Every structure is written in structure tokens, then in C-alpha cells.
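A.B. asks: Please see the structure below; I have some questions.
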Amino acid sequence: MSDVTSDPPQLTPTCETEVIALIKESYEQSRAIVVTGGGHFETYGYPLDSNLAKLSTVNLNQVIDYPSRDMTITVEAGMSIAALQHELAKEGQRLPIDVPCAETATVGGAIAANVFGSRGYQLGTWRDYLLGFSAVDGQGRLFKAGGRVVKNVAGYDLGKLMIGSHGTLAALTQMTLKVKPIPETGQFLYVGLKESEIETYLSSLVRTETIPVSVDLITPEMANLLSIDQSLELPIEFGLLIGFEGTPREVAWQLEKIQTEINTVGKPGVMFAIEEQFTDAVCKGLSETLSSWKSLSNEDQVKKLEKGHSDFRSSTYGNITFQASLKPSAIEKFVKTARTQGCVMQSLVQFGIVRGLLPDMNTAAQVIGSLREELKKFNGSLVVIQSGPQWDSTIDPFDYDSLMLTYMRKIKEKLDPRNILAPGKLFK
Amino acid sequence: MTSSIPLINALSDIVGKDHLLYDAEELLVYECDGYIVEKKCPDVVVFPISTAEIVEIVKTCNRFEVPFVPRGAGTSLAGGCLPVGGGVMIALTRMREIHEVNLRDGYAVVDPGLVNVHLTREVSGDGFHYAPDPSSQGACTIGGNVATNSGGPHTLKYGVTVNHVTGIEVVLPDGTVANWGGPAGMPPGFDLTGLFVGSEGTFGICTKATVRLTRNPAAYRTMLGIFDDIQTATRAISEIIGAGIVPAALELMDQGIIQAVEAAFKFGFPLDAGAVVLIEVDGLEVSVDDEAARIKELCHQVGVREMRTANSEAERLLLWKCRKQAFGAIGRLSPSFCTQDGVVPRTRLPEILQFIEKTSQKYDIRIVNVFHAGDGNIHPILLFDERDQAQIQRVIEAGDEILNKCIELGGSVTGEHGIGVEKINFMPKLFSENDLTVMQEIREVFNPEGNCSPCKMLPTAGACGMEQIERSHPGRQAAL
């Protein structure tokens, strides 16, 4: 264990026992700490006291057990997603969850932040892959739930609580994951379309004879960002990116079939299969473009944007990203409204999720309020997933249902009675 | 607790006199679920028709300080709806409406008492189905599936109940109505829907569920691998999974089961086979033949005697009927039987099956097997005569020994039936004191008084009322 005596202090335990000791000490002294992995979601939720000690799990990065023929793996929480995928790839397997910045994002952090991408609807998200875990709660108690087998209903499924709790309930130390074989190949079809045709095409996909692993809708502005970030040269228009995986024969058949189906629905704009060698760039782009954009300075953003589409607003881009949840059938209407407010968006359409970048820090509160009003029409909701240093405290990152908030508080009181784990991050 | 006139009157005012039972003889039907080892009659059974009625029932129970327990069809197999301590049983079978089917957005909102297969029937004409398919799907309810996080043969590829429930309406033990999750994306907050699924009624009563609807596959290939012995069959299963192939279903039946289902359904199973494995692949027409061919090749490599393929939809359905109604056929083998529900890592299947065989010999109890091999979820069925007390004791000891072995092999004591009251004593073997304390604390968040489904799942829940349970003996159980 080593303490870095900078401000804020960085705690870097190297084993579970040290995590227990550190949290127990914090509990006894009622000293708040923040559990971190790759640190990509530090600006999620309400702003935290910047002087809080950080407990980093990055030195807990070992494979505990990998019975590959059982298609499960048990790893420590601080292992990076890239290291995990590298280990799995040796046996022809993978975890099919798209996590941005995989080199630095950790497994524990990705679970705590419930990070997932385009392939989540068809292939699953963390709630479909987390079989069991160990964690240390806010009292320094090591506890576990679930197990190491693929089917198990013994005890409460506390893993569901860990996913998306952002380290506010416990510090994850170990997890067992279900894994899948790596498909032989994967390819995307790009379909250009007009804003008014979005729902026509999306609803037709419900009855496709193919089995897409992902369907993403990108706005012209997002197409621009994606093109710049990944050198993809996508048309700057509304686009559907439909992903397929499988054997070369399966993928080829599906690409052909879906083009036929789409042509019977209407008259799409440009439609082409993205060459196989660009598949990784598309996947990376779809999962990372919004989040990597956040890390750029305004000056960099402006320079990049100036190279892009002329219609794109390039003045004072902030770095607030949001995630809206709504029924898939309402995506067209929502995107239309949000675009008039200057949002750059990508939608995981099968899930009913729209992720976007707000146009301007100065108008963020107004735009978020307006988007939430729009979402009410569809029983939808909106969460701010990344905020900036000039956070406007009038913006509420969450629009919780009041009863949800009540029970979140009650659960936290049980696991973290002295409120030492990222206090105030998810609710005040 | 014994029923009181004021309580009955209060409940009658809520549901109407035609929708409650309190006569001792009528209550006998509700003394147990599919787990009949332990029995206890509720004092009253009420049959509400709405969430509002359930709220009033729960508040009334709290006012009278009596425990209450929800019940679906009673097909659960671990005593999950056993009314420990008596009290009020809230039977949800009148609440069976499908409130909404939205094929565009891929979901349905249903009542808890809706029979599982009725949802699939409702949407099958449009090319959709509800994926979780427990073998009891012709009787079990969606609310019961939510409580126990039910599985089924096709969950190997498509996942269990929790993977298909996106939202729930629940009546909490204090009478509050909560709505968590829903059809739209991923609402903010903890995944309380996921936490609630599988909580065996101890967090409250599910009164509506929003579930995903799944497109029917374009094509199926259903095969039957016939093996000389069960060890070769389990090796084939390990090879298929180890090769990274995930069929839609992978189900094993051993010789004893083959003989029973053949007598019942006359499918044409070879009676001298040591085991058969029902294998189904589904998906694109263009790919199912390739996948089926790979599976056949792997089976031949380990020495399958014969591979058959269902040549028609009728033949496929008959094969599935044999599998799903296998438990109904067991009555041909023995007057009574007791089903276990263990899980082992998939590669340890040969080991656990050898252990089951040795256990069978050790206790002189015949054990047959029909199970979800692809998940490593075993269902050894212990056959006996409940009139013989010595056999009963041996059945209990043999069952415990098998489940202990599952734990030793890195598995679990339940893959889909739940802990209920049956397996409470195994919880300290699976979990540490801290684990159980944390689980108990989470239960207290929702159910602080412990009056909703008391004495289930956790040994730390105390032994309230357990002394009132009539300890019977293992007997015939409903199909899983």
C-alpha cells in the first residue's frame, strides 16, 4: 500500500485486505473518499469536494480465475478493459460491451458507471454479464453476492445494485463475468436519410429478417465529429449505422438482405457497407467520440470544427454530455427538437437512448430544462453524464422519481451509514 | 395466528365475499407449492383484481399485524409461497390482463397473474414471443417468474427472467405503490427492477411487469443426440460449449427419463440409450445449418451413437413436449419423487453426474436426470415411496450430499427454483456472515417489519413461525 502525499491524497491498495483496511479507517474517522478506476466518470453527477482522498483500484488488476471452457472469467476490479479483452482474446473470447477509453477504463469502473454502447441491446449490458462480485462497503465490510456459475438464483442479486451506483455503495474488488466467443467478422451498413424519415426507417427495422447487433442513428453534426475523430469520411447527413457480426457468410447475407429491405421502405440517401477494415474505427468512434470530445480544450474543438461541416456550430462548445431515455418510437421527435437547440447526438435506437453534447455552457440549464419538458411527453428522462469544470449548479444532473430517490437513500444508509463513499455524487 | 372475524370482514370489504377463502378445507389447496415437504395453511386467501385492492389488503394486514405472502400459480419448487406463520395469502390469479402490447417498441405490460405462455400466444401471430420459458410455462405466472427469476430451456441463449423485465409496479410491504424502470431506455437511479427480480416476494408484491418481446427466429434446427452413456453425453456438451457455440437450448435426459417419456409420448426414443441430448439452434436460415453441422461433428468426435434431426415443426414440437412434460411422466417410475436444482461450472458436469450415480448407489435411491445441460443446471430427481420412512430419510441425505458437492465444485444450490424455505440451511455454506447481513439489511430497506413473505431465503430472517410448519416428507413435485 502506498499513500501519495499530494493533495488530494491518492490511496492505491494492492489487495482486497488493504481496501478493507483503508475503508474501515475512513469509516472510523468519518472521512469521505472517492473510489476510482480509470477516472473517466469523475464529473458524473453532482460535483464532489475536490479535496477528497481517492482510493484507486488500478493496482488490483489480476486475473483470479479464467476457466475459458466454462466461458466465465473472474478478475480484480482495477484490471483495464483492454487488458481483460486481451486476456479473453487469447482464447477466442470477448466481453461484448463497448467501453470507451478501454486502455484506461477499468472493469470495476465500467460496472460502477454502467458504461455500455451500441451493441448493448442485442448482446447485453453489464446486468447481463455480471455473475457475481466482491466489494467493500462504507463500513469496511467485505461482502459478495452471486457466484461463478452462469445460472444462479441463490440470494439477492446485489450485483444489480452495484451496476451504475458509481462507487457510492461499495468499492468493487472482484467480479465474475460471463464471456462470449469473438465473432469471425463484423461490418456496418451506412444508410443516409432525411430527418423526417427517421421513424419510417427505424420502425421498419423492427421487422427485419436480419439480426443487427447494433443500430445507431447519428445526426449530421455527429457524423461530422465521427468523421473527424476516426477519419471515416462519412456523409454529413442523418445516418443509420447498422452493425452485423458473425461468420462472413452470415454478415454478407445480412448486408445484402437489409439493403433490399430498406429499399422497399423508401428511397434512402447514400447507402453503403463500410469496408471491413474500418469496422474497429466505427465501433471506437461510436463509443468514444462524445466522451473523447469532452477532453479537448475549447480551442482544439473550434479548430476541429472549423475543418468540419459549415453548418456546425463552432462557437463556444461546452463539454456537457447527456443521455436521454425514451421509447424508440419517439426518437425522431426528440432528436428533431434537440437539434433545433444545437445538440449533437447519437442514438442507440433499439434501447431508446439518445446521447448528445450540449451546444453551450451558458445555455445548458435552459436547454436541459427544455429537453426534459420534451421528454415528459414520452415518459422519458434525461441524465447529465459528463459535466464541466464551470458547472452550473442550477442544473440538476438527474430527474429522479421521488420514490426512487427515497429508496436510493435508504440503501445507501445501510451500506454507507456515515456517507463516506463519494458523498453527494448521486443525490444530496 | 388464527383468522379473526374482524380481519375476514375487513378483507371481504376489499375484495368481496366471493373472492376470499377461510374455510379450513378450502385452504388445504394453498398449504404448499410444488415443494411439498413443508406445509402450512394460510388463515385466509384473498383474490384481488387490482393494485388498489392489494394496497388495501396490505394495509389491512399491517393494521391487524398479520403476515402476508403473494402467490401466483403455486408451481414454485422451493416453498417460496409457503405461508410461514399463517396469515393472509394474496393469490394473484385473477389479475391476468395484458395491459399493453407495443410491438414497435418491443414490450408488453402485463398483470402478475398472467400465465407465462399466454403472453407468447398473444403475440405469436405477429412473429414475437416472450423468451423465458420455464417448463411449467403453461401454468406458471409472470409475477411468479419475476419473484423467482425463472429460467427455462431457452434461457441458455436468451437469458433468464431478469434479462427480459425492464420495469415493474410493486406494492411495497407498507402499502406504497412504486414504479421502477419501464419501457423507455434506462431511467436514472439504481436498478431496483433488477434487484427486485428474484427476491422471492420478500421485497413486496409485483403488480405489473413491463417485459421485452423477442422476435421469433427465422429458422430452427432441432437435433437429438443419442449416447450410449451419460458420461459421453456430458463430454459432448462440454465440447459444444467449450468450442464457443451457444445453442438456443441444450437439454439432457438420462435413461430413466427416456423410458418414462417414451412410455408417455411414444416419440421413438431408443430405450437402451444411456442418455439423449436435445439440441436446438436458431437464428438466420443461412446460418443454422452450419451451426448444426459443427455440433454434429463435435458429437461424433466424442462418440455419439446417432444424431437425429426433427424433420418437421410437428416433430420439433413433440420433442419439446417430451422434454417439458418429462416431470409429468415420472409418475410412471415411482410413486413419489423429489427434484433438486443444483448448478456446477459446465465443464464439471461429468464429475457431478458421476457423483450423483455414486450417491444413488450409496443411499440405494434411484436417481434420474433431466436438466439444462448447457447452463450446468442439474435436476437430479430422487425416486422413492413416501410410505417408507427410511427411504424418506435417505432421500433427504442424498439430496443434501449432491447439493454440497455442487458447492464444492464451485457451483450453487439453485439455478432457477430459488431458496424459498427449502434451501435456507445452505445459505451459510454459500455466503459469509457479512454477505448474509448485507442481504438482510437490503431486505429491511423494503420490508423492515419482515411481514411480507416472512422466513424466506435468509437464515438471518429468523425462525418466526417455522415451528408452525408441518414437516411432512418429500413427495411428488410439480414440473419445473
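A.B. asks: Among the residues of the stretch B:116-132, is any open to solvent by less than 20 Å² (accessible area, probe 1.4 Å), in contact with a His (Cβ under 8 Å, 6 or more places away or on another chain), within 14 Å of chain A (Cβ to nearest Cβ) and part of a loop (DSSP other than H, G, I, E, B)?
C.D. replies: yes
A.B. asks: A further question follows. So residue A:102 passes all but one of these: (1) open to solvent by less than 10 Å² (accessible area, probe 1.4 Å); (2) at pLDDT below 95; (3) more than 13 Å from every other protein chain (Cβ to nearest Cβ). Which condition number does it fail?
C.D. replies: Going through (1) open to solvent by less than 10 Å² (accessible area, probe 1.4 Å); (2) at pLDDT below 95; (3) more than 13 Å from every other protein chain (Cβ to nearest Cβ) one by one, residue A:102 breaks only (1).
A.B. asks: Based on this model, can you work out whether residue B:166 counts as open to solvent by 10 Å² or more (accessible area, probe 1.4 Å), without any contact (Cβ under 8 Å) to a residue 60 or more places away in the chain, among the β-branched types (Val, Ile, Thr) and more than 8 Å from chain A (Cβ to nearest Cβ)?
C.D. replies: For residue B:166, the condition - open to solvent by 10 Å² or more (accessible area, probe 1.4 Å), without any contact (Cβ under 8 Å) to a residue 60 or more places away in the chain, among the β-branched types (Val, Ile, Thr) and more than 8 Å from chain A (Cβ to nearest Cβ) - is met.
A.B. asks: Another one. For the stretch B:292-399, list the strands (runs of 3 or more DSSP E) that sit wholly inside it and hold at least 2 residues that are surrounded by 14 or more Cβ atoms within 10 Å (Cβ to Cβ) and in contact with a Pro (Cβ under 6 Å, 6 or more places away or on another chain); which are they?
C.D. replies: Qualifying strands (runs of 3 or more DSSP E): B:366-372.
A.B. asks: Among (1) in contact with a helix residue (DSSP H, G or I) (Cβ under 6 Å, 6 or more places away or on another chain); (2) within 11 Å of chain A (Cβ to nearest Cβ); (3) of a type in the set (A, V, I, L, M); (4) in a helix (DSSP H, G or I), where does residue B:246 come up short?
C.D. replies: (4)
A.B. asks: Among (1) in contact (Cβ under 8 Å) with a residue 60 or more places away in the chain; (2) over 25 Å from residue B:173 (Cα atoms); (3) open to solvent by less than 10 Å² (accessible area, probe 1.4 Å), there is one condition residue B:411 misses while meeting the rest; what is its number?
C.D. replies: (3)
A.B. asks: Then there is this: Among (1) of a type in the set (S, T, N, Q); (2) at pLDDT below 95; (3) farther than 24 Å from residue A:353 by Cα; (4) more than 24 Å from the chain's Cα centre (by Cα), which single condition is residue A:301 missing?
C.D. replies: The number of the failed condition is (4).
A.B. asks: Something else now. Report the residue count in the stretch B:140-162 for those that are modelled with pLDDT of 95 or more and either open to solvent by 30 Å² or more (accessible area, probe 1.4 Å) or closer than 13 Å to residue B:208 by Cα (or both).
C.D. replies: Residues in the stretch B:140-162 being modelled with pLDDT of 95 or more and either open to solvent by 30 Å² or more (accessible area, probe 1.4 Å) or closer than 13 Å to residue B:208 by Cα (or both): 7 in total.
A.B. asks: Continuing with this model, one more query. Select from the stretch A:152-182 the residues that are in contact (Cβ under 8 Å) with a residue 60 or more places away in the chain and of a type in the set (Lys, Arg) and list them in ascending order.
C.D. replies: Those that are in contact (Cβ under 8 Å) with a residue 60 or more places away in the chain and of a type in the set (Lys, Arg): A:178, A:180.
A.B. asks: Restricting attention to the stretch B:1-16, which residues are farther than 15 Å from residue B:68 by Cα and at pLDDT 95 or above?
C.D. replies: Scanning the stretch B:1-16 gives B:6, B:9, B:12, B:13, B:14, B:15, B:16.
A.B. asks: Residue A:149 versus (1) within 20 Å of the chain's Cα centre (by Cα); (2) in a loop (DSSP other than H, G, I, E, B); (3) in contact (Cβ under 8 Å) with a residue 60 or more places away in the chain; (4) within 26 Å of residue B:458 (Cβ to Cβ): which is the lone unmet condition?
C.D. replies: Against the list (1) within 20 Å of the chain's Cα centre (by Cα); (2) in a loop (DSSP other than H, G, I, E, B); (3) in contact (Cβ under 8 Å) with a residue 60 or more places away in the chain; (4) within 26 Å of residue B:458 (Cβ to Cβ), residue A:149 comes up short only on (1).
A.B. asks: Sticking with this structure for a sec: Being assigned by TED's automatic domain parsing to the domain that holds residue B:299 and either farther than 19 Å from residue A:406 by Cβ or aliphatic (A, V, I, L, M) (or both) is true for just one of B:178, B:184, B:233. Which residue is that?
C.D. replies: B:233
A.B. asks: Looking at residue A:363, is it open to solvent by less than 40 Å² (accessible area, probe 1.4 Å) and either more than 10 Å from every other protein chain (Cβ to nearest Cβ) or under 23 Å from residue B:105 (Cα atoms) (or both)?
C.D. replies: no
A.B. asks: Further, regarding this structure: With the condition kept exactly as written, say whether any residue in the stretch B:425-432 is over 23 Å from the mean Cα position of the chain (by Cα), at the interface with chain A (Cβ under 7 Å from one of its Cβ atoms) and buried (at least 18 other Cβ atoms within 10 Å of the Cβ).
C.D. replies: No, the conditions are met nowhere in the stretch B:425-432.
A.B. asks: Is it the case that the stretch A:180-202 has a residue that's assigned to a strand (DSSP E or B) and facing another protein chain (nearest Cβ under 10 Å)?
C.D. replies: yes
A.B. asks: Would you please list the contacts, defined by Cβ atoms under 7 Å and residues six or more apart or on different chains, that run from a residue in the stretch A:36-51 that is closer than 14 Å to residue A:427 by Cα to a residue that is of a type in the set (D, E, K, R)?
C.D. replies: Here the result reads A:45/A:425; A:46/A:425; A:46/A:428; A:48/A:425, each pair linking the stretch A:36-51 to a residue that is of a type in the set (D, E, K, R).
A.B. asks: Let me ask you something else. Applying the selection to the stretch B:194-208, what residues are under 18 Å from residue B:175 (Cα atoms) and either open to solvent by less than 20 Å² (accessible area, probe 1.4 Å) or not assigned by TED's automatic domain parsing to the domain that holds residue B:162 (or both)?
C.D. replies: Matches in the stretch B:194-208: B:196, B:199, B:200, B:201, B:202, B:203, B:204, B:205, B:206, B:207.
A.B. asks: Which of the numbered conditions does residue B:199 fail, given that it passes all the others? Conditions: (1) touching a strand residue (DSSP E or B) at 6+ places or on another chain (Cβ under 7 Å); (2) small (Gly, Ala, Ser); (3) within 11 Å of chain A (Cβ to nearest Cβ).
C.D. replies: All conditions pass for residue B:199, except number (1).
A.B. asks: Would you list the strands (runs of 3 or more DSSP E) that sit entirely within the stretch B:168-230 and hold 3 or more residues that are under 30 Å from residue B:373 (Cβ atoms)?
C.D. replies: Where strands (runs of 3 or more DSSP E) fall fully within the stretch B:168-230 and carry at least 3 residues being under 30 Å from residue B:373 (Cβ atoms), they are B:205-212, B:219-227.
A.B. asks: For a quick check of your reading: which helices (runs of 4 or more DSSP H) sit entirely within the stretch B:1-104 and have at least 1 residues that are of a type in the set (Lys, Arg) and open to solvent by 10 Å² or more (accessible area, probe 1.4 Å)?
C.D. replies: B:51-64
A.B. asks: Check off (1) open to solvent by 10 Å² or more (accessible area, probe 1.4 Å); (2) closer than 16 Å to residue A:414 by Cα; (3) more than 7 Å from chain B (Cβ to nearest Cβ) for residue A:144 and give me the number that stays unchecked.
C.D. replies: (3)
A.B. asks: Determine, yes or no, whether residue A:161 is in contact with a Gly (Cβ under 9 Å, 6 or more places away or on another chain), of a type outside the set (Val, Ile, Thr), modelled with pLDDT under 95 and not in a loop (DSSP other than H, G, I, E, B).
C.D. replies: no
A.B. asks: Among the residues of the stretch B:414-424, which ones are more than 8 Å from chain A (Cβ to nearest Cβ), open to solvent by less than 30 Å² (accessible area, probe 1.4 Å) and not in a helix (DSSP H, G or I)?
C.D. replies: B:420, B:421
A.B. asks: Can I ask one more? Would you point out which residue out of B:431, B:371, B:426 is touching a strand residue (DSSP E or B) at 6+ places or on another chain (Cβ under 8 Å) and modelled with pLDDT of 95 or more?
C.D. replies: Checking each option against the conditions leaves just B:431.
A.B. asks: Has the stretch A:186-205 got at least one residue that is surrounded by fewer than 18 Cβ atoms within 10 Å (Cβ to Cβ), within 23 Å of residue A:237 (Cβ to Cβ) and β-branched (Val, Ile, Thr)?
C.D. replies: Checking the stretch A:186-205: at least one residue is surrounded by fewer than 18 Cβ atoms within 10 Å (Cβ to Cβ), within 23 Å of residue A:237 (Cβ to Cβ) and β-branched (Val, Ile, Thr).
A.B. asks: Here are some conditions: (1) within 13 Å of another protein chain (Cβ to nearest Cβ); (2) out of contact with any helix residue (DSSP H, G or I) (no Cβ under 9 Å at 6 or more places or on another chain). Residue A:422 meets all but one. Which one does it not meet?
C.D. replies: (1)
A.B. asks: Are any residues in the stretch B:437-449 crowded, with 18+ Cβ neighbours inside 10 Å and more than 8 Å from chain A (Cβ to nearest Cβ), and if so, which ones?
C.D. replies: Answer for the stretch B:437-449, where residues must be crowded, with 18+ Cβ neighbours inside 10 Å and more than 8 Å from chain A (Cβ to nearest Cβ): B:440, B:447.
The values are calculated or read from the model by the stated rules, or taken from the named source; none is laboratory data. The structure presented is a predicted model; accordingly, all values stated were derived computationally and were not measured. Every residue, glycine among them, receives a Cβ derived from its backbone with ideal geometry; neighbour counts consider all protein chains shown. Please note that ligands, DNA and RNA were not included when accessible areas were found on the heavy atoms of the full protein model with its side chains. Shrake-Rupley method; radii C 1.70, N 1.55, O 1.52, S 1.80 Å.
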